[in-house]
Amino acid sequence: MLNFEYHNPTKIVFGKNQLEKLPAYIQSCTNAKKILVAFGGGSAEKIGLLTQIRTVLSDLTLVEFGGIEANPEYETLMQAVEVCKREKIDFILAVGGGSVIDGVKFISGAAKYAGDPWKILTRETDDVFTEAIPFGTVLTIPATGSE
């Protein structure tokens, strides 16, 4: 057995009108000015959630990346990684369910990684992500445990 230590600081905010607290929560973990808003197929837009997020985060620069599919494709996630690098993203906000959240976990580490992230996924090397873009989640379906 390998020895290890695990620290997973997670804050869960639940209830009505909690979205209004989003800017303060983002600023509490980073001084982000440019945020990637990552989402899936469009239900967040259809239900008006993205509009609400745009409103509460109107003082920040938002870059939107939609189309993260169920069981996200590596190519899709790498497109988001390139956006993060090109746009110098400070924070990522996953808006959706498990696929978006899990995709953002990868994007946040891969965007700061100098090598080929595929080798980490396939465990071709002993490398790991040692740095990541901070991220948060606006959960739309609590079904996977990804949160």
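Only residues in the range 42-68 that are free of Cβ contacts under 8 Å to residues at least 40 places away in the same chain count as the first member; pair them with residues that are basic (Lys, Arg) and open to solvent by 80 Å² or more (accessible area, probe 1.4 Å), Cβ under 7 angstrom, at least 6 apart or cross-chain, and list the lot.
Going by the 7 Å Cβ cut-off, the qualifying pairs are Leu60/Lys33; Thr61/Lys33.
Give the range 28-39 a look and list any residue that's assigned to a helix (DSSP H, G or I) and open to solvent by 100 Å² or more (accessible area, probe 1.4 Å), or say none.
none
Taking the residues in the range 111-137 that are in contact (Cβ under 8 Å) with a residue 40 or more places away in the chain and farther than 23 Å from Phe14 by Cβ as candidates, determine which candidate is least open to solvent (accessible area, probe 1.4 Å).
Ile133
Being of a type in the set (A, V, I, L, M, F, W, C) and in a loop (DSSP other than H, G, I, E, B) is the filter; apply it to the range 100-124 and report the residue that is farthest from Val37 (Cα to Cα).
Step by step, filter the range 100-124, then rank; the result is Ala114.
Cβ-Cβ distance below 8 Å, separation of 6 or more or different chains: which pairs start in the range 16-30 with a residue that is closer than 14 Å to Thr137 by Cβ and end on one that is small (Gly, Ala, Ser)?
Leu22/Gly136; Tyr25/Gly136; Ile26/Ala32; Ile26/Gly136; Cys29/Gly136
So, of the residues in the range 75-99 that are modelled with pLDDT under 95 and in a helix (DSSP H, G or I), which turns out to be most open to solvent (accessible area, probe 1.4 Å)?
Ser99
Restricting the range 1-27 to residues that are at pLDDT below 85 and within 20 Å of the chain's Cα centre (by Cα), which is most open to solvent (accessible area, probe 1.4 Å)?
The residue in question is Phe14.
Output yes when any residue across the range 102-110 is more than 16 Å from the chain's Cα centre (by Cα), under 28 Å from Ile12 (Cα atoms) and open to solvent by 70 Å² or more (accessible area, probe 1.4 Å), and no when none is.
No, the range 102-110 contains no residue that is more than 16 Å from the chain's Cα centre (by Cα), under 28 Å from Ile12 (Cα atoms) and open to solvent by 70 Å² or more (accessible area, probe 1.4 Å).
Yes or no, residue by residue, for (1) of a type outside the set (Phe, Trp, Tyr); (2) more than 30 Å from Glu20 (Cβ to Cβ); (3) in contact with a strand residue (DSSP E or B) (Cβ under 8 Å, 6 or more places away or on another chain):
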| position | (1), (2), (3) |
| --- | --- |
| Gln52 | yes, no, no |
| Leu60 | yes, no, yes |
| Ile92 | yes, no, yes |
| Val104 | yes, no, yes |
| Asp116 | yes, yes, no |
| Ile120 | yes, yes, no |
| Glu124 | yes, yes, no |
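The values are calculated or read from the model by the stated rules, or taken from the named source; none is laboratory data. Given the structure is predicted, the values throughout are model-derived calculations rather than measurements. With ideal geometry, Cβ positions are generated from the backbone for all residues, glycine too; neighbour counts draw on all protein chains shown. For the accessible areas, the whole protein counts, side chains as well, though only heavy atoms, and no ligand, DNA or RNA atoms are used. Shrake-Rupley method; radii C 1.70, N 1.55, O 1.52, S 1.80 Å.
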